[in-house]
Amino acid sequence: MTQPLLETERLILRPLKRSDAGLIALYTGDSRVAKMTESIPHPLPPGSTEAFIDSVLTGVRPETVWAIDHKGSAAEELIGVIGLGETGTVGYWLGAPFWHTGFATEAVEAVVAHALATHDRLRAEVFQDNLASARVLTKAGFGYIGEAESYCVARGAMVPVWRYEFTAAG
């Protein structure tokens, strides 16, 4: 099945390509980005970005992953990544220069609209020290459902999280 291109007013969400490796490594190599995700290590090991892209392109990862391109840049280059797991789990990150721009909310809303064709329920979680991501989820229509802990590779520790859910019924 071909992965759909999703478009918003300011963004294009498209399939990853190998040439995205440089910008992904640049943004995820920033400890501020890595420490707000569960799976991005810091420091970023050599070859890990290419391995991530290969796992997406070969279908090894059980999720659909989009590059988030900003239409306003001259080259419409990648500013982040967003994924939708087979079970309806949404995860995303943006490069630090693009934080507090509304881009994350716009990308999440686009994925939610797309996902509702195949999922009745979507889930996401954020580290409790990531208030900006919590706001992104609530702005996109997710409701708070509880607390838990998740392991953060970059921090090397279990970290408290807030869990959110979006249901088709509202």
Estimated distance in nm for a label pair at LEU57 and THR167, the labels positioned 7 Å out from Cα along Cα-to-Cβ: 4.1
Near LYS71, which lysines are there with a Cα under 18 Å away, not counting those fewer than 8 places off in the same chain? LYS17
Gyration tensor verdict on the range 18-155 (Cα atoms; rounded if a/c is under 1.5, prolate if a/b is larger than b/c, oblate otherwise): rounded
Hey, what did the range 6-53 get for relative contact order, percent, Cα under 8 Å, at least 6 apart? 35
Partners for LYS139 among aspartates and glutamates (Cα-Cα distance below 13 Å; same-chain residues under 8 apart left out): GLU106, GLU109, GLU165
So which aspartates and glutamates can LYS35 reach, going by Cα to Cα under 16 Å and dropping same-chain residues fewer than 8 places off? GLU125, ASP129, GLU149
Extension reserve of the ALA117-LYS139 stretch, reckoned as 0.36 nm per residue once the Cα distance is removed: 5.9 nm
Mean separation of Cα contacts under 8 Å, 6 or more apart, over the residue count of the range 38-115: relative contact order %: 18
5 angstrom amide H check on GLU7, placed H, neighbours 5+ away: LEU13
Just want to confirm a number: the relative contact order over the chain, from Cα pairs under 8 angstrom separated by 6+ residues, in percent. 22
Quote the FRET efficiency, to the nearest 0.05, computed for ARG10 versus ALA148 with a Förster distance R0 of 30 Å and r equal to the Cβ-Cβ distance. 0.35
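Each value in this text was obtained by applying a stated rule to the coordinates, not by laboratory testing. What you are looking at is a predicted structure, and each value in this text was computed from that prediction instead of being measured. Every residue, glycine as well, gets a Cβ built from its backbone with ideal geometry; the counts of neighbours run over all protein chains shown.
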